[in-house]
Amino acid sequence: MSFELPEWFCRMFSSPRFVPYRNAADGDDKRAWDLYRWNIEVSEAFYCPLHCLEVSLRNAQHIELSARFGRADWWVAAPLRKHELAKIAQAERSLQDKGAGLPNADDVIAELSFGFWVSLLSRSYDRYLWVPILHRAFPHYSGRREGLRDNLQAMVLLRNRVMHHEPIHHRRLEADHMKIYRLLGYLEPAVAVWLRDFDRVPEVLKRRPEGRGR
């Protein structure tokens, strides 16, 4: 039985967006259609663990930096690079544009991106932030900073693909899922235990359509 993509789908979701799915399905439109839908489902499922990781990382680092510099707006005293200072200034402007008035420290912290927090673990901050301060945000980690930063950066890339509605079906999603739990364990194992109660990723992964890209 032949399968033809609905006209509304081609019009609303665009042919170029469908190409990666068609390629992954060896040109079979029915398998590509199923894969497109599954990609939406698995992206939705990954939102929960990525949310927990991003918020946990943000708050763990904020707690340590605030304690070290003795103020909630620790970036005023921290030795940050121009790039990170620009991100903070941008967050403050964005909050003001939203009508928040003069934003407080909590407002700014919540506005900063996942990528910003991972950037604080880069090599240029090794001496000034990681060694004296930020290693404490990961009490259950004993490895090198580079490996931790690289794993977190990989999750930033996954998060960005999810939030921008891009394909993630080609990734090693089982490994990504395990990585999120491992990173949460470095921060606070109790978060990982709590997350498992409502994490839908394992169930959705079992329903992946047949085809390449597993």
From the list A78, A45, A60, pick out the single residue that is in contact (Cβ under 8 Å) with a residue 24 or more places away in the chain, crowded, with 18+ Cβ neighbours inside 10 Å and not in a helix (DSSP H, G or I). A78
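Let's see how each residue does on (1) over 19 Å from the mean Cα position of the chain (by Cα); (2) without any contact (Cβ under 8 Å) to a residue 12 or more places away in the chain:
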{"position": "K82", "(1), (2)": "yes, yes"}
{"position": "L102", "(1), (2)": "yes, yes"}
{"position": "I109", "(1), (2)": "no, no"}
{"position": "F116", "(1), (2)": "no, no"}
{"position": "L129", "(1), (2)": "yes, no"}
From V131, V118, V108, grab the single residue that is modelled with pLDDT of 95 or more, within 28 Å of V42 (Cβ to Cβ) and β-branched (V, I, T). V118
Residue pairs meeting the criteria (Cβ under 6 Å; at least 6 apart or on separate chains; first in contact (Cβ under 8 Å) with a residue 24 or more places away in the chain and closer than 15 Å to A45 by Cα, in segment 173-186; second in a helix (DSSP H, G or I) and open to solvent by less than 10 Å² (accessible area, probe 1.4 Å)): D176/L158; H177/V201; I180/P49; I180/L53
For Q96: the one exception among (1) outside any loop (DSSP other than H, G, I, E, B); (2) at pLDDT 95 or above: (2)
For the structure I just gave you, tell me whether L50 is touching a Lys or Arg at 6+ places or on another chain (Cβ under 6 Å), within 30 Å of A190 (Cα to Cα), at pLDDT 95 or above and in a helix (DSSP H, G or I). yes
Taking segment 17-42 as the region of interest, how many residues are touching a residue at least 12 places away in the same chain (Cβ under 8 Å) and open to solvent by less than 70 Å² (accessible area, probe 1.4 Å)? 16
V162 is checked against (1) without any contact (Cβ under 8 Å) to a residue 40 or more places away in the chain; (2) open to solvent by less than 70 Å² (accessible area, probe 1.4 Å); (3) under 20 Å from H51 (Cα atoms) and fails just one. What number does that condition carry? (1)
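Report yes if some residue within segment 139-151 is out of contact with any Cys (no Cβ under 7 Å at 6 or more places or on another chain) and touching a residue at least 60 places away in the same chain (Cβ under 8 Å); otherwise report no.
So in segment 139-151, the residues out of contact with any Cys (no Cβ under 7 Å at 6 or more places or on another chain) come out as 139-151.
The next check asks that each one be touching a residue at least 60 places away in the same chain (Cβ under 8 Å); those that pass are none.
No, that holds for no residue.
Condition check ((1) of a type in the set (A, V, I, L, M, F, W, C); (2) in a loop (DSSP other than H, G, I, E, B); (3) in contact with a Phe, Trp or Tyr (Cβ under 6 Å, 6 or more places away or on another chain); (4) surrounded by 15 or more Cβ atoms within 10 Å (Cβ to Cβ)) across all residues:
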site: I88; (1), (2), (3), (4): yes, no, yes, yes
site: G101; (1), (2), (3), (4): no, yes, no, no
site: G115; (1), (2), (3), (4): no, no, no, yes
site: H135; (1), (2), (3), (4): no, no, no, yes
site: D150; (1), (2), (3), (4): no, no, no, no
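The values are calculated or read from the model by the stated rules, or taken from the named source; none is laboratory data. Since the model is a prediction, treat every value here as computed from it, not as a measurement. Counting neighbours? That spans all protein chains shown, and the Cβs are built from the backbone with ideal geometry, glycine included. Remember, those area values only see protein heavy atoms, side chains included, never the ligands or the DNA or RNA. Shrake-Rupley method; radii C 1.70, N 1.55, O 1.52, S 1.80 Å.
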